[in-house]
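Notes follow the structure.
None of the figures in this text is laboratory data; all of them are computed from the coordinates on show. Owing to the predicted nature of the structure, the values given are computational and were not obtained by experimental measurement. In this analysis, Cβ positions are derived from the backbone assuming ideal geometry, glycine residues included, and neighbour counts consider all displayed protein chains.
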Amino acid sequence: MLYLSASIRYYFYGKIVDMRKGCYGLCGLVTNDMKKNILSGDVFVFMNKRHNQIKLLQWDKDDFAIYEKRLEKGTFEELDKMQESNDILLSNLQLQLILQVIILQSIRQKKRFSINA
């Protein structure tokens, strides 16, 4: 079972990825394209061209962990910002909804207190 913690950052790679890539191929995308530190413990999210397969990559203290989900029917949501940048910071709730194939645009969240706002 995958647990998505609020204390971890989730970066969505905004380009299409060949899902035949393993952990070292995905690490190359993180370090070269996203300019992020793969050893930070952050989770990096990748999606294929047909939007029916998704991979999550994380450095887990002493080794890599990869989580892969493939839909037999339907597609994951395309994020609007995909063409704007190589990486999009997601919240754990957004990633959870994407993995459950729920359309983020249909979700309404009421205003809440935020220190940054």
Given 10 Å bins starting at zero, what is the percent of C-alpha pairs of the stretch 10-106 in each, up to the one with the largest pair distance? 16, 53, 28, 3
Fewest to most neighbouring Cβ within 10 Å: what's the order for LYS49, LYS110, LYS55, LYS15? LYS110, LYS49, LYS15, LYS55
Out of ALA65, LEU26, LEU97 - ranked by how far each Cα lies towards the positive end of the dipole of the chain, with unit charges on the beta-carbon of charged residues - the top one is LEU97
Please order ARG9, ARG20, ARG50 by the number of other Cβ within 10 Å, starting at the fewest. ARG20, ARG50, ARG9
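Starting with the fewest neighbours, write out SER7, SER91 ranked by other beta-carbon atoms found within 10 Å of each beta-carbon.
So the residues, fewest neighbours to most, are SER7, SER91.
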